[in-house]
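Below is one structure, written out as structure tokens, with a few remarks after it.
The values are calculated or read from the model by the stated rules, or taken from the named source; none is laboratory data. These numbers were taken from a predicted model, which means no experiment stands behind them. In this analysis, Cβ positions are derived from the backbone assuming ideal geometry, glycine residues included, and neighbour counts consider all displayed protein chains.
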Amino acid sequence: GESVGLHLPTLSVQEGDNSIINCAYSNSASDYFIWYKQESGKGPQFIIDIRSNMDKRQGQRVTVLLNKTVKHLSLQIAATQPGDSAVYFCAVPGSGSARQLTFGSGTQLTVLP
Amino acid sequence: DGGITQSPKYLFRKEGQNVTLSCEQNLNHDAMYWYRQDPGQGLRLIYYSQIVNDFQKGDIAEGYSVSREKKESFPLTVTSAQKNPTAFYLCASSIGGPAYEQYFGPGTRLTVT
């Protein structure tokens, strides 16, 4: 089955710096990727998605980069703010007929003052 | 406001009792999902439903049951057969199948003692 892993369980950055959160996936046929943000005690919130026909997609202060060659995607957050402190998950559809999303275990981002 | 509601936010039960978690959405989404989240782990799929009166088991369906009598509602019952029911339960919905952006509710934290 599909597996999704994040490279670091925790990440601390200074307020104002850029943050980069990484995710690796196993299925080379994966064609859709989603990043979610989850604040403590709340449900995950959609941040940005990207399809496999793109290498890069930008949102407001966030950029997702997709490298299909090495099956890796990253989420970049520009000018990180205290409100960005949360757990960040990537999610990838599986290879089965139902294509269920498989979620990574998450990276806890802490923004330091 | 459109969205997904889950109730209650916190739930306490004695071991051996069945308990039903509520999930309602007014987004007119066809598909609904239940996930379980344990500390430091990603989301694991319990059950999903792509249409009224139909649902499928996810990766960890044992000890759980669901119903989908209405498009808006997808209640989850945690039965006494679930060996380790204490967890954070998240409901989600999507306009299409699983490989589309899923919108999450705020979650229910269930504690069984």
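Return the pairs, sorted by first residue and then second, in which the second residue is among the aromatic types (Phe, Trp, Tyr) and surrounded by 13 or more Cβ atoms within 10 Å (Cβ to Cβ), the first residue lies in segment A:16-42 and is at pLDDT below 90 and part of a loop (DSSP other than H, G, I, E, B), the beta carbons are less than 8 Å apart, and the residues are 6+ apart or on different chains.
Nothing qualifies.
Against the definition (more than 12 Å from the chain's Cα centre (by Cα) and either within 14 Å of another protein chain (Cβ to nearest Cβ) or within 19 Å of A:Gly41 (Cβ to Cβ) (or both)), how does B:Gly107 come out, yes or no?
It is false that B:Gly107 is more than 12 Å from the chain's Cα centre (by Cα) and either within 14 Å of another protein chain (Cβ to nearest Cβ) or within 19 Å of A:Gly41 (Cβ to Cβ) (or both).
Tell me, which residue of segment A:3-15 that is more than 10 Å from chain B (Cβ to nearest Cβ), under 15 Å from the mean Cα position of the chain (by Cα) and outside any strand (DSSP E or B) is farthest from A:Phe89 (Cα to Cα)?
If we take residues in segment A:3-15 being more than 10 Å from chain B (Cβ to nearest Cβ), under 15 Å from the mean Cα position of the chain (by Cα) and outside any strand (DSSP E or B), then A:Ser3 is farthest from A:Phe89 (Cα to Cα).
Out of the residues in segment B:30-49 that are polar (S, T, N, Q) and part of a strand (DSSP E or B), state the one that is farthest from A:Gly43 (Cα to Cα).
B:Ser49
Here is a yes/no grid of residues against (1) more than 10 Å from every other protein chain (Cβ to nearest Cβ); (2) basic (Lys, Arg); (3) surrounded by 16 or more Cβ atoms within 10 Å (Cβ to Cβ):
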{"residue": "A:Tyr32", "(1), (2), (3)": "no, no, yes"}
{"residue": "A:Gly43", "(1), (2), (3)": "no, no, yes"}
{"residue": "A:Phe46", "(1), (2), (3)": "no, no, no"}
{"residue": "A:Ile50", "(1), (2), (3)": "yes, no, yes"}
{"residue": "A:Val62", "(1), (2), (3)": "yes, no, yes"}
{"residue": "A:Leu65", "(1), (2), (3)": "yes, no, yes"}
{"residue": "A:Thr69", "(1), (2), (3)": "yes, no, no"}
